[in-house]
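As structure tokens, the structure follows; a few thoughts come after it.
Every number in this text was worked out from the coordinates using simple rules, so none of it is lab data. Every value quoted in this text rests on a predicted model; they were computed, and no experiment measured them. Cβ sites come from the backbone with ideal geometry, for glycine too, and all protein chains shown count toward neighbours.
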Amino acid sequence: MIKKLRYITTFGIIMLLLATSDAYANDKLDKLISQMGFLSAPQEVLAENGIIVRLQSPILGRLMKVKSEEERCYTIRMGLLNVPHTATLNGLVVLIKNPTNRVFVVKWSESAISIGGFSGIPFLAGMKYVNAGNPSATPDTLVAPGQSISKQVYVSRLEYDDLMARFGNGWVVVGEPVYKDNTSNAVLTLKVVDDNGKMQYINLNSPPIGIVKQSNSTMVIK
């Protein structure tokens with residue numbers, strides 16, 4: 001009985017240490033991601049039709065998969081299996097302003113977002129996850145005169161993760177790794193149509209993404 005109790009106690013201690021280690025590594029990655037952003041002022045475009053578009057911030061996340069370029073990325077290994085968790089660029093927050101007296105429509109299904117190896121139509125916050133990458137299910141955005149709208153625009157590459165589903169939402173945006181050499185960026189191309197049917201494409205190139213806030217202590221990522 002005593003021997004069995006020792007085994008149970010030892011197992012409990014091991015599990016506690018693993019959980020504590022995971023929580024520490026998870027906190028380190030969250031802290032790292034919170035320090036990331038645009039490394040220079042984002043671009044604002046005044047289009048010929050009078051509409052103004054500006055990138056507000058990158059949308060960052062994490063990828064829980066082995067990457068062949070792991071050493072180039074911001075990666076922390078976690079858990080008993082030493083699984084690498086990599087900081088990723090998943091999309092952009094874009095501000096669309098209409099200072100004119102005309103009505104504009106952003107055709108997201110005919111627009112594009114490009115990050116690293118991904119290029120395709122955007123996935124918008126509020127859409128059903130199963131509709132990612134489906135042009136017929138990607139809604140337009142109407143911008144009325146004097147209106148400003150902020151939209152969260154993601155890559156339309158999503159996967160369902162059974163493990164994540166146990167903790168709530170199982171759908172995961174599969175972004176591109178953020179590289180330590182500050183070469184990660186995104187390109188957003190919007191198709192905008194005015195109330196006369198005139199079409200215009202607006203291109204926005206994001207600044208590089210990297211560490212913009214330094215912590216008080218040195219953070220070593222392995």
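I'd like to compare 123-136, 178-191: which one has the highest average count of other Cβ atoms within 10 Å, and what's the full order after that? Spell out each step's value before the answer.
Numbers: 123-136: 14.5, 178-191: 18.7.
Going from most to least packed, we get 178-191, 123-136.
Among D27, D194, D140, the ranking by other beta carbons within 10 Å of each residue's beta carbon, starting with the fewest, stands as D27, D140, D194. When both the range 73-147 and the range 174-210 are represented by their alpha-carbon centers, they are found 10 Å apart.
Taking the Cβ of S206 as the center, what net charge do the other residues with Cβ under 14 Å away carry, scoring Lys and Arg +1 and Asp and Glu -1? Walk me through the numbers on the way to the answer.
Values: positive: R54; negative: E44, E176.
Taking every Cβ under 14 Å from that of S206, the sum is -1.
Given the pairs K151/K198; K107/K128; K28/K191, which span a C-alpha to C-alpha distance of over 28 angstrom in this model? Before the final figure, lay out the partial values.
On the way: K151/K198 22 Å; K107/K128 18 Å; K28/K191 39 Å.
From the list (K151/K198; K107/K128; K28/K191), the Cα-Cα distance tops 28 Å for K28/K191.
Karplus-derived 3J(HN,Hα) values for the range 33-50, using 6.51 cos²θ - 1.76 cosθ + 1.60 with θ = phi - 60°, are 4, 5, 8, 8, x, 5, 8, 8, 4, x, 6, 10, 10, 9, 6, 4, 7, x Hz; glycine and proline are entered as x.
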